[in-house]
Each structure stands twice: as structure tokens, then as C-alpha cells.
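First comes the structure, then the notes that go with it.
The values are calculated or read from the model by the stated rules, or taken from the named source; none is laboratory data. Just so you know, these numbers come straight off a predicted model, no measurement behind them. Don't worry about glycine lacking a Cβ; one is built from the backbone with ideal geometry, like all the others, and counts go over all protein chains shown.
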């Protein structure tokens, strides 16, 4: 009797679990259908109002009421970092209202830590396991890797139709970085000057004024500046390695070469791949750093230091420049240590051309599992639509989160909303009060005269040369890096470097990259 | 003659003893030093850490890092603490119960499927299908996304701990169980009344291992939890540090950000906030750990 009861209970438990699983879905479906019916009834009433409101809001921009979907739907967008309390509040109220009014879409955000940004992280896992979400931010390298695994959706169909305002405020060249095969796999967002990034040298203008220098356009002038900075203030020149400092390499020869991969640079004019270790530029860079090291200008712990921001900590007198944004990037931190410090960026060999290697580093991708690519495109379009909306999403509600002072944003709340650096579009976004007018004049036109780099849009797929790349990276780290830090001289070490690179599979490595590059150029 | 021998022995003994004290003392200092560095640095201000590096005694005392962690985020941290404490307490209880039950079954000689269960336990220790199948199973079939159980169930049973408990149970004489059986007790009663109380040391040891793993876990939250109010402490702090690191490393990024983000001191303050409770708890359970570790080793 007991056995019968127990076995019946077990069977009942098993059936319950099975039914519960089905039951949830069926119940869930019925529930969501009812909800949808309600929502469509609501939106029919809302859309009449919504169209009127959006026409007012938009002003002179083309009203895309025709693009606004008729049914309300929800998209799930993955972002990184932390959702600040104010962002949560706005997402539930003002932002959500704008989304519904403009594009009849509710936006749900899902935040992951920044460590998951990149290939092999949780986002890739989510796509591979079929978890539902509709968009995530991505960069060109990650997009290339995801495309090769078949994770991304081709957006060519939605790009032409659903991005009317985007095309006015963004450069379509930006799509090139996400162009793989025959399709486009992400929608870039944001528009900031990126010409010559890391090609300028950022120096201490207050020290320049002190020693009476007005310009740095050659390596000799740079050496003069760092020497005097050491004499007067005891500052080291830099903690950056010469190979990693394009602003140094720029001044070593007349060729226009840019870095492509470890140990491999490319000549922008002849499109020739250059073995950096065998180049005169490398020799000049290494010799310069060796001279600096001998003069005590390079710190002995350059390779092992744990200092995060030596320039801002008043430990070095130069660092790589970032398209003129030193005013925002470096000065605030520096001023807490040296209140009277000023910074400025200079091009060494300013007569040489300046290249734009990236247009935008951030874009929104749509996974293959999503069916709402059109809504995602509308969402991205909305973020870049006009000044009012761009400011709303980046800074918040005027009067509550920020105030406009002479057309510039003065923040009241410091909570992060949609990332400023992602949304910032130099054509429509209002700058913050940290940007002086003279800075804005320079910044707005920073990209003028810049040429797109020949490698723009080219991403190397390392999978056929994984081993060679790993070995070459290791040889480079072990042998070339100390040379570029000034710790080892050129003449006694160059032969070993060359032979070790050869032994690590240099020929295979270069042949494969050359092949990929030729293919890329042929498809352009 | 005898007296001389005695003195010689005690002198060399003393020397040996002193050198042991010195060596172990040095070892203790070496272990303690990084901790003191962390505490000292967490109370420094970022600028002096950047310039002077870590120090046990802060060059310039500042509560900046703690202010940043606990200030506007105090409520979130408290929430994270609550989640972690709940997960640890409930998780440990569930894990100990499940592990002990499984281990007991493995010791019952009458149970014919013992070897099969042993295999079920042993094989996953060695072979694993990988991350993706595990993730698909947990999210698609067990629906563990954004679920409190997601923080407990995947880590609920650790094969190593089950083996440990099985050895504890084996060390309890069979005669007790037989005697109880003769008196009419069923297996559940034998387990509850005899084995469970007698293996207290083992249970506390295993319980502590589980508690530590639940307390330190951030991986399960990373995989399965998306709602901010369900983040456990470790994941919350991991998240925060990852974000601070990202902001500090962005070359072109923070247009308009003129906040000096404390990075090194924040990391150290994070460490102190996280390990604080465990360090305070440890002295109370220390004797159980040392007992537990050696009992399994000695037979009988």
C-alpha cells in the first residue's frame, strides 16, 4: 500500500513538473496576448496625439510619422556599465515617453559589466544560446569576430529606410568599418573628430611658456623641451614606448606609415606592408629613446610601472594626444596636482598628412535571433536625430539635470545617462562648459584636411595565423619592447630581434595579412 | 653525565624553538603585509598613491574611496550585502543538507545503486561539456535567469565536499546503524539521529567551504542575474571596479567628465569592504576547520 502511494505521488510530481513547464508558456502567451490587445487599443488613441506631439517636437526636421510603427513593441538593448539611479528614473518616465511618442517602441535596458564587452564574453554566450535581446553596442574588432561566427544580422535592408535623420548628422563612411562580405552589420553612432588620434604630442603648455618655446614640430624641438622640463621640474619625458607613440615615429622619416599589426606597419602612399623591425623609422625611434634614457629622461621602471596616469600625476612632460581633447581628458586631473598647469597638443612634422583611421568606434549591432532590426534602427536614429533629443539622452532634462549657459551644458546632476561619449555628435550635440569657445573652434574643424586611412574598415582575421601571432607577440614583447623603451640599444640587439621574428613564423604571418589586405583592397 | 645531556638537549631545543618562532613569525608578517597595505592604501588619497605608490601608513589620510563606494551607492551596497547574506545562509544550509544526504546514501551498504551514484558524482568532476551547454540548460530549461535560485542551485553540490562527507560518515561505526535498525529505525531516522549529529565537525567544515564559495561568488550572478537589485556583493563590486577601470582607460571617451575618479584607492577600499565580515567571522570557526582538515586524514 505504502509503495503504491509513494509511486503514485512520484508519478503525480513528474506530471506536475511537465505540465507546469507547458502551462507557464500557454498561460504566459494568453496573458501577453491580452496585454497586447489592450496596448494596441491604447496606442490607437495615443498615436493620434503622438503624431501631433512629434511633429511639434521635431520642428523643421522631416517628420517620420510615416515610419512610426503602428503597434507598440518592446526592444531589449544591452549596454555596459551601471545604470545610475537617475537613469533608472528617466528610463521609466521621460525617456520611455519619448520612445513611445516617437517610435512607438518601449526600450528595456540590460546592463553588463565592461569586462563582458568584447568577443568571448557574456553577450556572445547569450547569442549562442539563443537568449533574446535586440541590440548591443559593439566595436569594429568585436563585430568582425561576431560576424565570422554568424552572430550578427545584416542590416542593409533597414539602413536605407529607417535612418533618415542619421544620414543628415553622420557620415556614411562610418559604415565601412562594419561592412563584411556583402552586408553591413552594425549602425555606428556618434560623430567625434578622430583624425590623427595619438599622432599629436600632448605637452605642458605652462612649461613651454616658461622656457620660451612656442612650437614643437621636430624631434629635436621635442628633445629640447623634455630636457628643459627635466632640468626645471624633474619630470621624466614619458612612460610611453616609442613604437607605441605614433607621434614620435611621425617625425623619424618622410614616409607616411601607420601601424597595422604587431611589428607590421603600412605605407599609406604605396600600400606596402613594412617590417617595422627592419625599418629606418624603428631604428630612429629606438636611438632617440636610448639617447633619452642615457640622459635620464626615461624612468627605469618604464616597463613595469603601475602608475595609471603619469602625465596627470605630474610625473612626465609628454604623452600621446587625443585629437585635441587634452583640455577635457588630462587637465582636470593634472590641475589637482599642479593648479597652474596648462596643456596643448602639437603635430610633429605638421606638413605631413593626417589620417583618419576610425570614423566611429561604437555601433549598435542586432543579433541574428532578433526580429526587430527595424525598431533598433529607429532607436539609433532617434539618438542622433537633433540637438534637443541628443542633449536629452546624454545630459537629461533641462532645468533638472543641466542648465544651458551660453549654449553650453552645465551639469547639475553627475549621474551617467546614455553615455556622452557614445552619443556626442559634433554636428548636433551641445558641448559642456568645460569646452572653451576657442577649443570648440579648433575641435569642430579638427578633421578638416584629414584623409581616410587606406586601412580604414580593414580588420585582420588572425585565426589562420593564431600560433604565429602569439609567438610574434611574445618575441616583440621580450626583445623589441625594451629597445623601444630605451633600455636596450639598437646595434647590439637588432640582429637577434630579426632572427627571432623569422623563427616565430614572420613570413607566414605577413603573407596571410598581405593576402587579406589585397582581398580587402580588391573589394573596395 | 645525565644532567649534562639534559642541558644540551634543552639548549638545542630552545634554539630550534626560537628559530621556528622566527620563521613562522616572518611568514605571518609576509602574509599580513599585503592586507595592511590594502587597508592603508584604502585610507589614502588618490594623488599621493599615484605619486608614492602603496603604503601601510597613508601619507595623506582620506576617506575619498570609501565615500565613493558607500556614498551615493550606499543603498545599493546594503542591498547587495542583504542578497549575499541571504544567498550564503540559505545556500549553505541547502548545500550541506543535499551533500550530507547524498554522502550518507553512498555509505549505506544495502543500497545496490551505490556504485552508479558514485559514477554520477565522479565523472562530472573530470569531464565537463563546457560553458555553452551548461548555460543553455540553466537558462532555457531550468529558467534560472533573474531568479534567486540561480545563485544557489548551480553551486549547490560540490563533488569534492560530498566525498569529504562520505569519508566522515564512513568513520562512524556501522554497529550504531545496525543497532538502530534492529530497534526499528528507518534510514531517514538513522541519518537524522545518528549520522548527522556525529559528523558535526565534518558538516561544519564543509559548511564553511560552501559558505566561502557562496560569499565569494560573482560568476553565477554574472551569468544569470540582470536586475540590479538582485546583484550579490561580489558581483556588484566587480561591476563597479570594471566600470571605473574602463572610464580611466578610455582615451577618447569622457568628453565632459571632469571628475577625478579614484582608482587604486577604490580597489583597495573594495577589498576591505568585501573581506571584512569573513575576517571577523574566521576566528570563531577556525577550530572546526583545523579539526575537519585532519580528521579526514587519520583513519579510525
Would region A:440-460 turn up any residue that is over 30 Å from residue A:500 (Cβ atoms), modelled with pLDDT of 85 or more, within 19 Å of the chain's Cα centre (by Cα) and within 14 Å of chain B (Cβ to nearest Cβ)? no
Residue count for region A:485-500, restricted to those that are touching a helix residue (DSSP H, G or I) at 6+ places or on another chain (Cβ under 6 Å) and either buried (at least 19 other Cβ atoms within 10 Å of the Cβ) or under 16 Å from residue A:303 (Cβ atoms) (or both): 6
Where residue A:135 falls short, out of the listed (1) surrounded by 18 or more Cβ atoms within 10 Å (Cβ to Cβ); (2) more than 30 Å from residue A:456 (Cβ to Cβ); (3) more than 12 Å from chain B (Cβ to nearest Cβ): (2)
Can you find even one residue in region A:203-218 that is within 14 Å of chain B (Cβ to nearest Cβ), touching a strand residue (DSSP E or B) at 6+ places or on another chain (Cβ under 8 Å) and in a loop (DSSP other than H, G, I, E, B)? no
Looking only at region A:184-200, how many residues end up being at pLDDT below 90, part of a strand (DSSP E or B) and touching a helix residue (DSSP H, G or I) at 6+ places or on another chain (Cβ under 9 Å)? 2
Being more than 10 Å from chain A (Cβ to nearest Cβ) and farther than 19 Å from residue A:108 by Cα is the filter; apply it to region B:222-236 and report the residue that is surrounded by the fewest Cβ atoms within 10 Å (Cβ to Cβ). B:234
Scan A:297, A:288 and give me the residue that is away from chain B (no Cβ under 11 Å), assigned to a loop (DSSP other than H, G, I, E, B), within 20 Å of residue A:243 (Cβ to Cβ) and in contact (Cβ under 8 Å) with a residue 12 or more places away in the chain. A:297
Does any residue of region A:385-392 turn out to be in a loop (DSSP other than H, G, I, E, B) and at pLDDT 85 or above? yes
Could you tell me which residue of region B:113-152 is surrounded by the fewest Cβ atoms within 10 Å (Cβ to Cβ), considering only residues that are in contact (Cβ under 8 Å) with a residue 60 or more places away in the chain and not in a helix (DSSP H, G or I)? B:146
For region A:98-110, give me the residue count where each residue is surrounded by 20 or more Cβ atoms within 10 Å (Cβ to Cβ) and either at the interface with another protein chain (Cβ under 10 Å from one of its Cβ atoms) or assigned to a strand (DSSP E or B) (or both). 2
Subset of region A:222-253, residues part of a loop (DSSP other than H, G, I, E, B) and in contact (Cβ under 8 Å) with a residue 40 or more places away in the chain, comes to A:235, A:237, A:238, A:239, A:240, A:241, A:242, A:243, A:244, A:245, A:250, A:251
Considering only residues that are touching a residue at least 12 places away in the same chain (Cβ under 8 Å) and either more than 14 Å from the chain's Cα centre (by Cα) or over 17 Å from residue B:277 (Cβ atoms) (or both), look in region B:209-221 and name the one that is nearest to the other protein chains (Cβ to nearest Cβ). B:221
Going through (1) closer than 16 Å to residue A:371 by Cβ; (2) facing chain B (nearest Cβ under 10 Å) one by one, residue A:113 fails only at (1)
May I ask you to list the residues in region A:329-381 that are in a helix (DSSP H, G or I), within 13 Å of chain B (Cβ to nearest Cβ) and in contact with a strand residue (DSSP E or B) (Cβ under 8 Å, 6 or more places away or on another chain)? A:331, A:334
Please determine whether any residue of region A:267-282 is within 21 Å of residue A:228 (Cα to Cα) and over 24 Å from the mean Cα position of the chain (by Cα). no
Got at least one residue in region A:462-483 being closer than 17 Å to residue A:266 by Cβ, surrounded by fewer than 16 Cβ atoms within 10 Å (Cβ to Cβ) and not assigned by TED's automatic domain parsing to the domain that holds residue A:177? no
Looking at B:292, B:300, B:256, B:207, can you tell me which residue is at pLDDT 85 or above and more than 17 Å from residue B:77 (Cβ to Cβ)? B:207
